[in-house]
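No lab work stands behind these numbers, since they all come straight from the coordinates. Owing to the predicted nature of the structure, the values given are computational and were not obtained by experimental measurement. So basically every Cβ, Gly included, is an ideal-geometry build from the backbone, and we count neighbours across all protein chains shown.
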Ligand code: NAD
Ligand code: TYD
């Protein structure tokens with residue numbers, strides 16, 4: 001194999017799409033997927049590639065510095081693509097501690113493992129995958145640019161902002177060859193049903209209420225997860241060292257408009273009478289500190305590296321709904337165990 005690359009969090013939603021794409025696209029590179037398999041990590045997401053000769057799964061915790069050192073010594077990585085994180089805003093509001101440990105301490109441990117084990121930085125690359133939520137919130141107009149000031153407002157985004165700063169600090173202090181991307185809301189197959197779309201798809205299917213936070217007029221930019229994976233590949237290959245690239249779908253939706261569109265698609269796919277799913281919409285208590293609007297200016301990535309999103313709006317929504325309905329077993333597996341307890345604790349009070 002020409003290179004060995006560490007991917008952290010590869011059993012999660014975005015990570016599994018990325019790992020599958022890279023393992024298939026670069027058969028002469030060895031990909032080591034390090035994942036703790038928390039509630040959000042699921043090896044079923046990667047069943048179709050688990051026997052590929054250029055793929056290895058390792059279960060482990062990025063918070064464990066000794067373990068990381070051992071792993072770097074064992075594999076002598078040429079590069080790192082770091083996705084492992086606690087990723088759900090509502091969970092971070094309930095209990096920020098795990099977010100600080102994994103997202104901040106875990107990232108620092110990974111940076112340190114690379115710094116101490118890479119004899120030279122020549123030809124190496126440390127890619128940190130981050131979120132647009134570090135920029136805070138927008139009003140009705142405007143876009144997040146790479147030079148927008150950081151203004152994180154949830155424990156999740158504060159922990160990601162902190163990790164971004166650490167990664168940049170390792171560039172400035174130690175000349176580590178880093179690159180960072182900040183991406184908008186992803187959607188598509190294999191997303192844990194705590195996030196809006198898979199949660200609502202599952203609830204519609206089971207005729208459960210759809211808990212819309214606040215007035216429902218919060219805006220997100222939605223990016224098809226496969227388009228995020230192609231952006232990461234491009235930035236890893238061609239992004240300039242020390243730079244940040246924003247990634248976005250140019251696909252803004254107010255939550256309530258997205259939910260109404262989803263309801264229409266679900267009525268059709270489930271062969272229910274028009275308007276049936278919309279009856280499940282229930283306005284509930286708002287999320288604390290809820291960011292009003294996210295929107296991305298991805299022109300740097302598009303102009304410099306030639307990236308473009310390929311899946312838009314209703315097409316992506318339909319593809320997503322179809323996937324979850326066609327993969328009932330996956331949904332049943334991830335909603336067994338502690339999921340019901342999570343759901344009740346999160347939504348009973350609203
Ligand atoms: P996810 O929650 O689906 O997956 C996270 C993965 O990290 C899981 O497989 C989990 O087991 C693993 N993990 C958690 N703690 C770990 C630890 N201590 N050690 C090793 N592995 C651990 O998350 P996702 O939605 O796929 O997001 C991946 C990355 O992309 C995150 O860094 C997130 O901040 C970022 N991001 C996500 C979105 C989005 O819309 N989901 C948007 C922009 C950026
Ligand atoms: P989410 O999928 O949690 O992503 P993020 O908070 O990272 O943007 O939420 C997307 C939007 O949907 C956000 O504005 C919160 C809202 N939302 C609801 O209205 N109800 C829900 O049950 C969930 C999970 C989210």
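Some values worked out for this structure:
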item: Pairwise centroid distance, computed over Cα atoms, of the range 113-188 with the range 232-274, Å; result: 20
item: Cα shape, the range 46-205, gyration tensor, a/c 1.5 rule; result: oblate
item: Cα centroid separation - the range 277-350 against the range 20-97, whole Å; result: 22
item: Additional length obtainable on full extension of the chain from residue 319 to residue 100, 0.36 nm per residue less Cα span; result: 75.4 nm
item: Degrees between helix 107-117 axis and first principal axis of the chain (Cα, 0 to 90, nearest 10); result: 20
item: Relative packing of 44-54, 252-262, which averages over residues the other C-beta atoms within 10 Å, highest first; result: 252-262, 44-54
item: Cβ-Cβ FRET estimate between residue 74 and residue 274, R0 fixed at 51 Å, reported to 0.05; result: 0.35
item: For the chain: relative contact order, % (alpha-carbon pairs under 8 angstrom, 6 or more apart); result: 17
item: In degrees, nearest ten, helix 225-238 long axis to first principal axis of the chain (Cα); result: 20
item: Alpha-carbon Debye profile of the chain, log10 I(q)/I(0) at 0.11, 0.13 Å⁻¹; result: -0.71, -1.02
item: Anisotropy class of the range 186-338 from Cα gyration tensor, a/c 1.5 cut; result: prolate
item: If the convex hull is drawn through the Cα atoms of the range 144-200, its volume per residue in Å³; result: 124
item: Antiparallel DSSP beta bridges within the range 196-293, as percent of all bridges there, nearest 5; result: 40
item: Shape category assigned to the range 44-117 from the gyration tensor of Cα positions, a/c cut at 1.5; result: oblate
item: Projected label distance in nm at residue 115 and residue 150, using a 7 Å step from Cα toward the beta-carbon; result: 1.5
item: Protection-proxy order for peptides 271-282, 1-12, 95-106, each taking the mean of Cβ atoms within 10 Å per residue, highest first; result: 1-12, 95-106, 271-282
item: Angle between the chain longest axis and helix 255-269 axis [Cα atoms, degrees, rounded to 10]; result: 70
item: DSSP-defined antiparallel bridges as percent of all bridges, the chain, nearest 5; result: 5
item: Residue-averaged 222 nm ellipticity for the chain, from DSSP H runs of 4+ at -39500 (n - 2.57), nearest 500; result: -12000 deg cm²/dmol
item: Rotationally averaged projected area of the range 159-228 (alpha carbon convex hull; nm²); result: 6.7
item: Neighbour-count ranking [beta-carbon atoms within 10 angstrom, fewest first] of 265, 241; result: 241, 265
item: Protection proxy ranking, peptides 283-292, 187-196, average beta carbon neighbours within 10 Å, highest first; result: 187-196, 283-292
item: Contact order relative to length of the range 44-184, as percent, for alpha carbon pairs under 8 angstrom and 6 or more apart; result: 28
